[in-house]
Every structure is written in C-alpha cells, then in structure tokens.
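Every read-out reported here was derived from the displayed coordinates using simple, explicitly stated rules and does not represent laboratory data. None of the values given here were measured: they were computed from a predicted structure. Cβ placement follows ideal geometry from the backbone for every residue including glycine, while neighbour counts extend to all protein chains displayed.
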Amino acid sequence: MIFTLDEWIQIIAGAVGTFGFAVLFNVRGKRLLAGTIGGLLAWTVYVALGYVIDSPILRYFIVSVVTSTYSEVFARVMKTPRTTFLLICLIPLVPGSSLYYTMSYALDSSMGDFLSKALYTAELSAALALGIVVVAAISRSITAVQSKKRKKLLAEQAKENQ
Amino acid sequence: MDEKMIQSFLRIAEKMIEAGAEVYRVEECLNYMCTAYGAVRTDAFVTTSNMTLNVEKPDGSIICASRRASLSGYDMECVDRFNSLVRYITKERPSLQVINQRIEEALVYNKYKVWQVVLCSLIIAGSFSMFFGSRDIVEIALSSAIGAVMEILNQLAKKAHMNGMMIRFCNSAIFSALAFAATKMGLVPSPDYIIMGNIMSLIPGCGITSAVRDLFTGDTFTGIIRTIECMLNAASMALGYIVVAYLFGGAI
C-alpha cells in the first residue's frame, strides 16, 4: 500500500519517538530494535486501516490487539518479560493530541466541545485498554497451564533432592 | 530453606517491583523459587507498595515475611536481569551464599548516561510534535530544545528528591509557559504542537497500560493503586498547563 508523504512522516516520527522512550526505560540491544519496530508497526497498521475503516476508535482497538500480540510473541522469542515490549510498542497510540485539546477546550471553549473531546479521549483509551486486555487474558490462560506444570516439576525435583 | 534465604528471595522481588515488573510475574517468581527449595505451600501477595510471603516448610513450620517496595521508574534491563536470575535459581538451586553473590552481580549493569537520556528527550519532544502534525522546522526545533531542557530540570529535581506530582506540575507549567512565550514572540503560530510534543513524556501512558492489564487480569488491588496514581499524575500535569494558559489569557 502506498501512503502519502504526510503519513510516512507521521509513521517515521512515531517510530523515532518510540525509540526515545525505549531508551528512557533502559531497553538495550536487540530489544531496543524490536521495540522500535513494534512502534513503527503499530502506527503503520493504524494508518493502513484508515483506508478501510473510518472509526478511529475501532482502529485503535485493532491496532492494540495487533501490537499486544506482537509484544507477546517477541517477549517469548527474546525471553524477556512482556511488559518491556507492551509498554514501548503502544507509545504512538497514547492519545497526546486529543488530551491536549481536551485541556485547552476546558479553558476557552464551550462546554460541549470540551465534553465531546474528553469523551473521545476516554473512548480511545478504552479501546486501547480493551485490546490489551483481550490479548493478556488469552496469553495468561495459556501461561497459567504452563506455570502449573513448571511448579509441579519443581516440587518433584525438590522432593528428590531431599 | 531458612529466613535468610526468604529475605534474599524478597530482595529479588523488591528489585523487580521497583523496576516496573508486573505483579503477577513477581508472585510467580516467588512461588517458583520457594517451591524449588522444597516449600510445601507458598502464598505470595505482591502489590506495588508492599509484599507478603508465607512459606510452609515440609516439617510444618511456617516462615512469614513482608517487605515494603515502591516503583522507582521503569528499568527494563533490571527486570530482565532479575528474571533471568530467578530462572537460574529455580534450575540450579544454588546455596544462599551463591544467591546473594548473584544478586550483587545482577545489580551491576549498564544504564544510559545522562547525556544520552537528555538527547532522547530532545528526540521524543521533536518527533512527537512532528507526529501530531507540525511541519514547521522552527516549531520542531523549539519543541526539541524545550524537551531537552525539561529533562535536565527533571534530573535535577530527582536529585533533590522532589515529590513526583510536584515535578509533573512544574514540568508542565514550565514547558507550557515557554510555548506560550514563543507564540507571543511570534516564533510559532500557536503553542499547540510544542505542548503536544512535550506532553507525551508526562502522560502516564505506561502507567495506564499497566493499570488496565492488572485490573482485568486478576490483580485488582494493584490495578486500583496504579489507576489512582495515573489519575493524580494526569491531573497534576493538566493543572500545570491550565494555570499557565490562564495567566497567558486563555489558550490562543
């Protein structure tokens, strides 16, 4: 798919910002690269979906699911806690501009504008959260089985040792 | 397994919480370690501010311990190192002496230098101004410069052990004031993009992500604590902006 120049600038800027945050969270080496690519992926998917789906809220949800899945997979591959990728890859989705407009409408605009913008920000965050929760719930039910097995194994080994 | 070993396990858990690990992961780690050393039953309850651990030994005696912890900032390298240490401990079951030695070793690792962090804050502010729609070189440059200045002030404030909410309030007030001043001087058409770029590092986005995940995956207690923290942080940031915008005669 060919994006416009403006969209490319946005995607690259989002990825660079993601890289910056990854450094602030002391992410290093291969993980830094994987996290930055995750941020790039997140906004690319968001922009690409814009050609198909109009509602930004639905797009936020889908991107959140895709990005969370990416984080889970890469956490497994790189044997690192999944928070590392989850926190970083979702950075471009943090609704900074709509939060800013909410604050600025709170001061100098009509109540209606303020409320609708506040609601919009809340809806974006909720969509983002829902995506994370769906993936987290699925992955945790998978890991719960594994962790039970691991604990049983450890208990058996401990008994043998005594 | 004795009290001293439990203390070492809690030290590991404490470090993980401080660096921003998920609570359920820390609970699991405690469970694994105690089980590996022969505990019949392990009850670990971990929140971001306190953790308790009850361990029943094969002979029926019980060890109880608790520890105060607090989140000191996200440090993924630290989480990862201690996570690996837990893997090693459960696999090899080393002696207490070795565990303590490994903990000390795990605490020595590379952190980004201050100038690298400042440079990244500069990049963050600039790139997010661009991300949100600014295409003006002067605007992006100003936003980056303000981002770098804010990070330097942040580092100083942290050294002075300033209260976190106060830091956010001042931070937001200072960059808003600079953005409004630049607009008044006619350098940029509006303060919007500069503020948007700089606001990104203040929005508790990561906090909200963690809070939601905790709330909906069973760690309700931690989820609530994190949610309230995020709301207070967001409010102190908004207040900083609103005070300044009001002084400058309303958002332009």
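Structural remarks
- Along chain B, longest interval not containing exposed trypsin sites (Lys or Arg not before Pro), exposed being DSSP loop plus at most 13 other Cβ atoms within 10 Å: B:136-252
- Whichever lysines have a C-alpha closer than 25 Å to that of A:Lys30, once near sequence neighbours (fewer than 8 apart) are set aside: A:Lys79, B:Lys15, B:Lys111, B:Lys113
- Distance between the 7 Å Cα→Cβ label points at B:Ser72 and B:Ile224: 2.8 nm.
- Size descriptor, Kirkwood hydrodynamic radius, that averages inverse alpha-carbon separations across segment B:3-106, Å: 13.5
- Relative exposure of A:Thr143, A:Thr36, A:Thr80, judged by other C-beta atoms within 10 Å (fewest first): A:Thr143, A:Thr80, A:Thr36
- Tilt relative to chain B, helix B:3-18 - C-alpha long axis, 0 to 90 degrees, to 10: 20
- Kirkwood Rh (inverse of mean 1/r, distinct Cα pairs), chain B, angstrom: 20.5
- Chymotrypsin sites (Phe, Trp or Tyr not before Pro) within segment A:63-150: DSSP coil, no more than 15 neighbouring Cβ in 10 Å: none
- Acute angle (nearest 10 degrees) that the helix A:96-108 long axis makes with the longest principal axis of chain A, alpha-carbon atoms: 40
- When the Cα positions of A:Leu130, A:Ala155, A:Ile12 are compared along the charge dipole of chain A, A:Ala155 comes out farthest toward the positive end, with charges on each C-beta of Lys, Arg, Asp and Glu.
- Cα-centre dipole for the protein assembly as shown with unit charges at Cβ (Lys and Arg positive, Asp and Glu negative), debye to 20: 1160
- Summing charges over all other residues whose Cβ lies under 12 Å from the Cβ of A:Asn26, with Lys and Arg as +1 and Asp and Glu as -1, gives +2.
- Charge dipole magnitude, Cβ of K and R +1, D and E -1 - chain B, Cα centre, debye nearest 20: 340
- The slack between A:Asp113 and A:Arg76, meaning 0.36 nm per residue of separation minus the straight C-alpha distance, is 8.9 nm.
- Sorted by Cβ neighbour density within 10 Å, fewest at the top, the residues B:Leu96, B:Leu10: B:Leu96, B:Leu10
- Environment charge of B:Ser143, counting only residues whose C-beta is closer than 12 Å and scoring Lys/Arg +1, Asp/Glu -1: -3
- Positive end of the dipole of segment B:3-106 (Cβ unit charges, origin at the Cα centre): among B:Val26, B:Met76, B:Thr90, the Cα lying farthest that way belongs to B:Thr90.
- Kirkwood hydrodynamic radius computed over the protein assembly as shown comes to 22.6 Å, based on all pairs of distinct alpha carbons.
- Percent of C-alpha pairs per 10 Å bin, segment B:114-247, short to long: 13, 38, 33, 13, 2, 0
- Whole-number D in µm²/s for chain A (Stokes-Einstein; Kirkwood sum over Cα pairs; 20 °C, 1.002 mPa s): 121
- Taking a Cβ cut-off of under 11 Å around B:Glu27, the surrounding Lys, Arg, Asp and Glu residues balance to a net charge of -3, with basic ones at +1 and acidic ones at -1.
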